[in-house]
C-alpha cells in the first residue's frame, strides 16, 4: 500500500518536473534549432532543421562587431564580478561578525539599492558619465554593475558567513593568527561555496544586462554582446539577420554554462562539518 | 610557563551589564585552577579576558609579570581549548595541529617533529591524515588538546572542554587532562559548570557567582569550610541539605528538633542586629542510621525520626531520602542554585532530606527510621547575607563550639 502511494507520488512529481523542464527549455532549443537553419528554411515552422548549416556561426565570427562585443562582455563581467565579490565579502564579513553603529542602516540602504528601479537611474547616469568622460568605456559599465551587484553579493555572503562558527575565528586568533590571517586561512576557505555562488550570480547579472549596456555605450569600444545582438543587420537591407542573431544567442549562453559548471563543482555542501561538536 | 595575575579585573559591557566584577586571583606557575559556577556567573568571560578575546574594562592582567591588557591574543602566547573544539574542518588532523606552528613560521622539519610528538602523547598518530568530520567526539576533543599543547605555550585555557562528551568518556578524558597537565607542568585555567569536574581536577577551585569570586581554595577546603551559602550549596553531590532554623532562647528550632548551640555561636547570634532566622546546612554523609552508632559518637550529635521516602542503594552506601515537616529554607542563593540545577519549579510539600547512610543499614522505604546526625559538622548561614556563621578563621566548627 505504502509503496504503491510512493510510486504514484513519484510518477506525479516526475511528470510535473518534465513539464517544467520542457516548458523552460523549448524556447532555448528553438533558438538553437533556428541557428542551424538556412535562410530559406528559417520560417518553415519545423522543430528539426531540414537542412543543417553552420553558415550563421561563420557569419557572426566573421563580423568584427560580434567578436569585439564578446571580448567586451567577458572582460567587463569578469572584472565587475571580481571586484563585487571581494568588496561584498569584506562588507558581509563585517556585517555578520561586528556590531557597529549604523549596521542596520547599511544593510537597509544596500537593500534599497537592489530594489531601486534601474530604468530611473539610466538618464542621470548617462549625464554623469558624459561629464566624467566615462561614457562608452569599460569602467563606465563596470561601476554601475558593481553598484547593483554589491547588495546581492553582501546578502548571499553574509548568510554564508553567519553559518561559520565564530569559535573557529577565535581559535585561529589564539593559535597566533592576525585578523587578516584568520580571515584568509580559516574563514575564506570555509566560505568558498558562498563566494562561488555569489560569483555565479553576479556574473550572470553583468552578462545579461541590456539596459545599462545600451544606454551607456555608443561604439564597439565597450558595447557588450546583448547590445551588439540588437544591432545585428544582414549583409544587405533585404537579408534577414534572424539566423545570425540566433547563432549569437547560442554562443553567448556558452560562457555562462561553462562558468556555472566550473564553479558548481566547488559548491559542495557540508564543508564545515566536523568543525564543532558533533 | 608563567604565572597569571588578575588584579581587580572587571568586565562591563556597553549596555551596562557587569559580567565580571573586581576579580583578584593569583595563579602560580604550573598550577591547575578551575573556574566554576552556574551559567552566567562570568567564568567564561574571565577566561576570554585572560585569552585576549574580550577587552578588560578595568583592572590589570599580568602574565609572567608582564601587563598584557592591551596585547592581542597572538602576543600572549597562551593556547585555548574550546567547548566546541573549533577544529578547522578544511584541514586534516596534522594540519590542524601544525596550524599554530606554521603561523609561528617554524621550519617544516621542526613542525613535523613537534606534531608527531604531540600526536604520540594523545594517541592521535593513526588519525593524523583524517579530516575532523571523520572523527568521533572524543577524538576531536583530543585533536583540540593536541593543537593547544603542540606549541608549548605559557598557559592553557580550557573552556568546558569535556561538556560535549558523553558521561563515560568525560570521566575518562578527565584523567587524560589531569595527567597531561601534571606531565607538562603548564599553568592551566579550566572553566566548567560541573562541580564534580572542579573537585576532581583542580589544585585550586574558584567559585564564581554573578561576576564575583565567592571563594578560592583547594577542593577539600571549599567542601569542608564553605564561606557562604552559595559555595556550600554548589559544591558536593548530592548537595548539602538546607533547613529553616529559628533562634529562640539560645536554641535553634528546626524540623529535626531543637539544636543546642555552643557559646561562640550564641555570642554571635545574640547581638542586636543578629538574624532571628537562620539556615542550617548539613551534608548527606553526616547522617547515620541511629542503630549503627556507638555511644561515643552518639554524644556528638542528635537524633530524629522521619518517614523514609526512597532508598537508593549505591553498593558502598545507601542514599536515603526523608521528608521532614516544617518551613522550607529560603534565600536568594538557594533559588539561584535550584534554577541552575533546573529544579526551580519542582518543589514538593515540606523539605526533602538527602542522607548517605552506611550500606549495613536495614532501612526500608515507607518505614519510620531513627537517624542520627553530627552536630560538629553542621553549618549555619545568615539567610540575608549568605555568610557562614559557623566559620572561624576559615574553619567550620559546627554548632557546639565554645
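The values are calculated or read from the model by the stated rules, or taken from the named source; none is laboratory data. Just so you know, these numbers come straight off a predicted model, no measurement behind them. Glycine gets a Cβ as well: all are built from the backbone with ideal geometry, and neighbour counts include every protein chain shown.
The residue that is surrounded by the most Cβ atoms within 10 Å (Cβ to Cβ), counting only those in the range B:144-166 that are over 24 Å from the mean Cα position of the chain (by Cα), more than 10 Å from chain A (Cβ to nearest Cβ) and part of a helix (DSSP H, G or I), is B:146.
Checking the stated criteria, residue A:102 turns out not to satisfy the condition of being on the phi > 0 side of the Ramachandran plot, at pLDDT 85 or above and within 14 Å of chain B (Cβ to nearest Cβ). Scanning the range B:355-380 for residues that are part of a strand (DSSP E or B) and in contact with a strand residue (DSSP E or B) (Cβ under 6 Å, 6 or more places away or on another chain) yields B:355, B:356, B:357, B:368, B:369, B:370, B:371, B:372, B:373, B:374, B:379, B:380. Of all residues in the range B:65-90, which are touching a helix residue (DSSP H, G or I) at 6+ places or on another chain (Cβ under 7 Å) and assigned to a loop (DSSP other than H, G, I, E, B)? Selection gives B:82, B:84, B:85, B:86, B:87, B:88, B:89, B:90. Considering only residues in the range A:161-210 that are outside any helix (DSSP H, G or I) and farther than 30 Å from residue B:144 by Cα, the one that is nearest to the chain's Cα centre (by Cα) turns out to be A:209. Taking the numbered list (1) within 26 Å of residue B:75 (Cβ to Cβ); (2) more than 10 Å from chain A (Cβ to nearest Cβ); (3) in contact (Cβ under 8 Å) with a residue 12 or more places away in the chain; (4) surrounded by fewer than 18 Cβ atoms within 10 Å (Cβ to Cβ) in turn, residue B:123 passes all entries but (1). Checked across the range B:167-182, the condition of being more than 14 Å from chain A (Cβ to nearest Cβ), part of a strand (DSSP E or B), farther than 19 Å from residue B:83 by Cα and at pLDDT 90 or above holds for no residue.
With the structure loaded, tell me whether residue B:335 is modelled with pLDDT of 90 or more, surrounded by fewer than 20 Cβ atoms within 10 Å (Cβ to Cβ) and either on the phi > 0 side of the Ramachandran plot or not in a strand (DSSP E or B) (or both) or whether it fails that test. Judged against the criteria, residue B:335 is not a match. Quick check on the range A:164-173. Is at least one of its residues without any contact (Cβ under 8 Å) to a residue 40 or more places away in the chain and away from chain B (no Cβ under 11 Å)? For the range A:164-173, residues without any contact (Cβ under 8 Å) to a residue 40 or more places away in the chain and away from chain B (no Cβ under 11 Å): absent. Checked against the criterion of being in the same structural domain as residue B:158 (by TED's automatic domain parsing) and within 26 Å of the chain's Cα centre (by Cα), the candidates B:86, B:104, B:98, B:109 yield just one match: B:86. Residues considered: B:40, B:65, B:137. Of these, the only one that is surrounded by fewer than 18 Cβ atoms within 10 Å (Cβ to Cβ), more than 10 Å from chain A (Cβ to nearest Cβ), under 27 Å from the mean Cα position of the chain (by Cα) and more than 16 Å from residue A:168 (Cβ to Cβ) is B:40.
Kindly indicate which of B:351, B:358 is surrounded by 14 or more Cβ atoms within 10 Å (Cβ to Cβ) and modelled with pLDDT under 90. Break it down stepwise before answering.
On the way: B:358 fails: modelled with pLDDT under 90.
Only one candidate qualifies: B:351.
Within the range A:13-37, can you find the residues that are touching a helix residue (DSSP H, G or I) at 6+ places or on another chain (Cβ under 7 Å) and assigned to a loop (DSSP other than H, G, I, E, B)? Correct list: A:37 only.
Of the residues B:264, B:300, B:276, only one is in contact (Cβ under 8 Å) with a residue 12 or more places away in the chain, over 25 Å from the mean Cα position of the chain (by Cα), assigned by TED's automatic domain parsing to the domain that holds residue B:327 and within 15 Å of residue B:383 (Cβ to Cβ); which?
The match here is B:276.
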